[in-house]
Amino acid sequence: MPQKKILAISSPGGHWIQLNKICDGLLKQQDCKIVYAVPAALFQSKQADKKLYNIVDVSADNKLMLIPCAIQVLYILLKERPDTVISTGTAPGVVTMLLAKFLRINRIWVDSIANVKQLSRSGRMVKNHVTIFLTQWQHLADDKAQFKGAIL
């Protein structure tokens, strides 16, 4: 059986920390290869052991920058051909989930632990477009958002 490939994408900061914790756990449990994408060139020097793509930093408030982000993500998806994409959130994750759905790639969304009262805006945008949607707060779980525990 060929090794599964995962594209892990997030924004820098807390989203990136949570994504790395998830991926470290996956690498211990699964025989898989993980490729990362994050909008921060500063991580490249610190992540020499990881295949890392630098993408533009974008937010939902800057809709024009979503276009270059989508082009970069589509390039990565077509080049890497992952079996699954996983994201802990924000605009690059939303773009990735929507493009991956179009390309029929499995999609996993883990909503950030910072969202205590309600799902994140990004999470609400992708909730019905992902294969698996996870929340880190039990009271936010419903028929589509599963609670399996917290990462941090």
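Bear in mind that the values in this text are calculations on the coordinates, not laboratory data. Note that this is a predicted model, so its numbers are computed, not measured. Virtual Cβ from ideal backbone geometry, glycine too; neighbours counted across all protein chains shown.
Sort 51-63, 103-115 by packing, meaning the average of other beta carbons within 10 Å per residue, with the highest value first.
The peptides rank, most packed first, as 103-115, 51-63.
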Counting C-alpha atoms alone, how compact is segment 4-147: give Rg to one decimal and Dmax as a whole number, in angstrom. 14.1, 41
Compute, for segment 4-147, the length of the dipole vector about the Cα centre, with Cβ point charges of +1 (Lys, Arg) and -1 (Asp, Glu) only. Units Debye, rounded to 20. 240 debye
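How much mean residue ellipticity at 222 nm does the chain get from its helices, if each DSSP H run of length 4 or more adds -39500 (n - 2.57) and you divide by all residues, to the nearest 500 deg cm²/dmol? Spell out each step's value before the answer.
Details: 5 runs with 54 residues, N = 152.
Only helices count here, giving -10500 deg cm²/dmol.
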Work out the charge dipole of the chain with +1 on the Cβ of Lys and Arg and -1 on the Cβ of Asp and Glu about the Cα centre, then indicate which of His15, Ile67, Thr84 is farthest towards its positive end. Thr84
